[in-house]
1. Please specify each residue of the stretch 99-119 satisfying the condition of being at negative phi and crowded, with 19+ Cβ neighbours inside 10 Å.
2. Can you work out which of the residues in the stretch 515-529 that are touching a helix residue (DSSP H, G or I) at 6+ places or on another chain (Cβ under 6 Å) and in contact (Cβ under 8 Å) with a residue 60 or more places away in the chain is nearest to the ligand (Cβ to nearest atom)?
3. Give all pairs with beta carbons closer than 8 Å in which a residue from the stretch 580-592 that is at positive phi meets a residue that is at pLDDT 90 or above and within 6 Å of the ligand (Cβ to nearest atom); count only pairs at least 6 apart in sequence or on separate chains.
4. Touching a helix residue (DSSP H, G or I) at 6+ places or on another chain (Cβ under 7 Å), more than 10 Å from the ligand (Cβ to nearest atom) and part of a strand (DSSP E or B) - does that describe any residue in the stretch 591-600?
5. What is the number of the single condition among (1) over 18 Å from residue 589 (Cα atoms); (2) more than 60 Å from the chain's Cα centre (by Cα); (3) at pLDDT below 95 that residue 553 does not meet?
6. When the stretch 531-551 is examined, which residues are found to be within 16 Å of the ligand (Cβ to nearest atom) and either crowded, with 19+ Cβ neighbours inside 10 Å or more than 20 Å from residue 610 (Cα to Cα) (or both)?
7. Against the conditions (1) within 14 Å of the ligand (Cβ to nearest atom); (2) touching a residue at least 12 places away in the same chain (Cβ under 8 Å); (3) in a loop (DSSP other than H, G, I, E, B); (4) more than 12 Å from residue 616 (Cβ to Cβ), where does residue 500 fall short? Just the number, please.
Ligand code: ADP
């Protein structure tokens, strides 16, 4: 883990790549030529340690190239080569690679050599005499411990970093104070072995707080197995994995991705290049800072400055940075982060993402809620008002019935007189039979039966009267309109007879079942009949006729009360249902108003018209009860 690549943390790797593409594109655009660097291109040889795509150095190299492109006042020809031998535990002969480079650059040395990483630095220092004895060199992306100062010349500049493992372990224990074990993942190449020893040294002061587990001797596949089932409070420290203990070389950053996919513990690394979704973060090397220093030194040297005069202090870790997603996953509290930490990759909350939409929806729901509760309140108020008005109507109707009872006195008296008279006659007859020497008991039995029948008749009259005058709350039951009308007719027939009125009733041939209050409906029919009686009272006795009929009309039961009176004047037709409208000297004008209120309370309708033959016709329609079959 010669870690040097600084985290261009602000620039995740992809962004860096994008920049390079944009730069290339910009260079190709017409018009950009005027601002392009002028003159003979300077040849920059960039030597990689492990390959061009091996993190963290690949990120570092990319960032340096971008910085060079941006800052160089002259055109640059960057030529890249990779030193693959660093990957192998037993490096093969380097001679063929040296020969290859020599033949490439014979007689035409590069203007500057940049070595990326410690193995590349070691190589260029070792072979500079044979390959490019006069070329200045910048050794970069190298940890200061790995710089072979004995081989440095005046023609070299070093841009190194400093790995502070103590600080990094300290930061892990700060953000996850319950950590019990730190498992160190590192490979087995010579470079990785060097760093393993260094890390072990710096881990010592922490050994009384946490246990360290070293995976350097395990093949990577075995490391993956163990990482799946780590005990709680373990963290993984990712060093590097170029070659594992089984001698298997690992390409690019695939190894870290695989570990991240299976590990049941957080992964920490001080390399910013890995801070891309796989690691938690912490104090890390800044790729941007090292690249800036490297590009600046390179450009100064190409401009003529002496490399030995350019001194760059080893670059330490930058301010800590943490991945918000990892913090969520591993339950890392923000309050545990070191002061000055930055939190990156924060996913916007649902509020941040859809703030105004949510506010709008909330507003709509609120308005709806207010409307609904307003409507519910209004409905409740209406219900109470309806109950109240029905109650009032029932009370009014009750008063009205007393008034009608007055009119019916004659009828009632007549109805009572008949049975009472019969009872008297029968009693007298029985007395005279009893006075005889041998009273006929059979005859007496018959007389007593008659008396009983007449008594029942009288009781029935009283019952009916009480029924009509009863004060009852409004109550809907299922009833047959034909029957209800028949009862009223029975009640007023004597009165009609007394007034010499011909009262006829023609019931429908079908059941007319509706839902209604029988007492209230009787009141309605009674009122209509009494009004009709009043209307025809002036007519000649022969022409005093009232006809009551019931029918089924569509989904309604119909009651019609017609008379042969004078009818209603056209201008009054609309007023007769108004309260207190009357044309009678002693009238109250409440009868039809009550009738209409009762009919409407039954969801029905009442209408009035004059018949062509003369006289008024009042028609009531009431809805047939649902779910009833009507039999003919
Ligand atoms: P009241 O009987 O106390 O006048 P109503 O509300 O029952 O009150 O009747 C209102 C008016 O409607 C009556 O005064 C009368 O002018 C008219 N009316 C009602 N029924 C008839 C009818 N069958 N023929 C003629 N006029 C009628």
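1. Of everything in the stretch 99-119, those that are at negative phi and crowded, with 19+ Cβ neighbours inside 10 Å turn out to be 101, 110, 111, 112, 113, 114, 115, 116, 118, 119.
2. Going through the qualifying residues, I end up with 527.
3. 589/581; 589/582
4. There is no residue in the stretch 591-600 that is touching a helix residue (DSSP H, G or I) at 6+ places or on another chain (Cβ under 7 Å), more than 10 Å from the ligand (Cβ to nearest atom) and part of a strand (DSSP E or B).
5. (2)
6. 531, 532, 533, 535, 536, 544, 546, 548
7. (1)
For every residue, the table says whether it meets (1) out of contact with any strand residue (DSSP E or B) (no Cβ under 6 Å at 6 or more places or on another chain); (2) surrounded by 15 or more Cβ atoms within 10 Å (Cβ to Cβ).
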{"residue": "121", "(1), (2)": "no, yes"}
{"residue": "126", "(1), (2)": "yes, no"}
{"residue": "162", "(1), (2)": "yes, yes"}
{"residue": "170", "(1), (2)": "yes, yes"}
{"residue": "191", "(1), (2)": "yes, yes"}
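The values are calculated or read from the model by the stated rules, or taken from the named source; none is laboratory data. Computed from a predicted structure; not experimentally measured. A quick note on method: Cβ atoms are made from the backbone with ideal geometry, for glycine too, and the neighbour counts reach across all protein chains shown.
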